[in-house]
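Working notes, structure below.
The values are calculated or read from the model by the stated rules, or taken from the named source; none is laboratory data. Because the structure is predicted, anything quoted here is derived from the model rather than measured. Cβ sites come from the backbone with ideal geometry, for glycine too, and all protein chains shown count toward neighbours. Surface areas here come from the heavy atoms of the whole protein model, side chains and all, with no ligands, DNA or RNA. Shrake-Rupley method; radii C 1.70, N 1.55, O 1.52, S 1.80 Å.
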Amino acid sequence: MRITVRGDEPGMEADVVAGARKRNSTGPTRVEAAIAALREEIITGKLAPGTPLRLEALAERLGMSMMPVREALRGLESLGLVEQLPRRGARVGIYSVEDLYDTYEARLPLEELAVRRAAERFTEEDTKRAQRALEDQMAAVADGRVADAREAHTELHMAIYEAAGSDWLTRLIKPLWANSERYWILTNSTRGSEEGQREHERIIDACTRHNPNVAVRELHSHLARAANLVARRQFDAEDLF
């Protein structure tokens, strides 16, 4: 976005625009870097549920001051991955079947709305992006590259949701997605099973054919199966959906 500054000094407007471009090209801030590093450790279980998050120790391990780490913990709290306890500080969020249900109950209407809107406007390029992500996911699974498979799976779903053309929908979906990912990892299930592949193919096909009702039905079934699998394997609970 171009910012116009009114002033007496010649060239002021150009200086402001150039400065904004320079700031945007410097890469992630320390807060963003800390969020990314800690988020990955929480999602993959390297930082187990309930682990105390001590500012000084985290700052030393990440090689930065405590201020960006403190801000990072606040950001992770907004994602549901960190809990702040009165007089006890921060800790990694605890797993529970209630939180799992809450997460998926919030995901379903948001992602169903996103896939409905996506199916109404899916382009050839959207299809190619989603299919490429699915191919990358299956190749990573075949090679045993778990982290790459998880990344490709995320790219696949975001390729579909971003086709809806709503920045707010993707902003709301992403933190819920992150919280549900850490539950899925607990099951030790492979992201990219044959059944999961068929489900993804049907969702992509429905979007490509501009059939919103089928896309919503297939996505709902896909998410419900995932939530129920986690509930049974991790909490010995009955199906949630």
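The table that follows gives values for the structure above.
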quantity	calculated
Per-residue SASA entry for LEU176, accessible area with 1.4 Å probe, Å² rounded to 10	40
Check: the range 173-241 dipole with +1 on Lys, Arg Cβ and -1 on Asp, Glu Cβ, in debye	180
Gain upon complete extension [LEU62, ALA33; 0.36 nm per residue less C-alpha separation]	9.5 nm
Theoretical ellipticity at 222 nm over the chain - DSSP helices of four or more residues, -39500 (n - 2.57) apiece, nearest 500	-23500 deg cm²/dmol
Point-to-point label distance, ALA224-LYS174, nm (Cα→Cβ direction, 7 Å offset)	3.0
With DNA, RNA and ligands ignored, accessible area of ARG145 (1.4 Å probe; Å², nearest 10)	90
Gained length - GLU71 relative to THR51, 0.36 nm times residue gap less alpha-carbon distance	5.4 nm
Rounded accessible area per residue of the chain, 1.4 Å, Å²	57
Prolate/oblate/rounded label for the chain (Cα gyration tensor, a/c 1.5)	oblate
Relative contact order (%) - the range 115-170, alpha-carbon pairs under 8 angstrom, separation at least six	49
Dipole magnitude of the chain about its Cα centre (Cβ charges: Lys, Arg +1; Asp, Glu -1), debye to nearest 20	540
Dipole-positive endmost among VAL31, VAL97, ALA163 within the chain (Cβ charges, Cα centre)	VAL31
The range 133-241: C-alpha gyration tensor shape, a/c 1.5 cut-off, then a/b vs b/c	rounded
Global form of the range 57-146, assessed from the alpha-carbon gyration tensor, a/c cut-off 1.5	prolate
